[in-house]
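What follows is calculated from the coordinates using simple rules that are stated; it is not laboratory data. Predicted model, so just to flag it, every value in this text is computed and none were measured. Virtual Cβ from ideal backbone geometry, glycine too; neighbours counted across all protein chains shown.
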Amino acid sequence: MKIQLLATTSNIEPLVATAVLTTTSGAQPSILYERMIDRKDKVAEIIERIEVQHGSILEHNRFVWGIIAEEHEVLDVLLKTKFLTFTRIGSKDWLLSGNLRAVIEFWSQQKNENSEALLNSIKHIVPNIFSNITREKNEN
C-alpha cells in the first residue's frame, strides 16, 4: 500500500489544545482558539499533558490521503477500524479519510507497515501530538 497525504484541516494542534481547554475554561471555544493559534509554546505545553485515551479531543479534524492499494489491502484496513473511510477512484486508486483519533487508534492497535506509514505521513502536521503518542507507546 502506497500512502500520500493530500489534504488536512489547518491548525490541528491549536484545535486540540482548544478542545482540552473547553473542558476546564468558561471561555467560548472561538476565543480560546484565537488565543491558541499563535501560541505554539502554550499549545505544545497543553498537548504534552494530554493522555491519548481521551480521544474525543482528537476528533475535530480531517485528513485525506491518496492510496494505491489492492482491494484486499483496503478490506484488511476496513475490517480493523470502523473510523477510516475509503472511496475507490480507480482500479487501485483510493481516497482514504479519517480524523486524528482514528489514525492513532489504528496505529496503536495494528503496528504494521500500513499503520506506521499512515502515522508517519502526518508527523509534520501534528509534531507535538506525534511526539507525545510515540513516547507513550515506547514507555508501555
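In plain terms, the C-alpha convex hull of the chain casts an average shadow of 8.5 nm² when viewed from every direction. Using the Cβ-Cβ distance between HIS72 and THR9 with R0 = 30 Å, the FRET efficiency computed as 1/(1 + (r/R0)^6) comes to roughly 0.50.
Highest-first packing order for the peptide set 86-93, 118-125 is 118-125, 86-93, based on the mean count of other beta carbon atoms within 10 Å.
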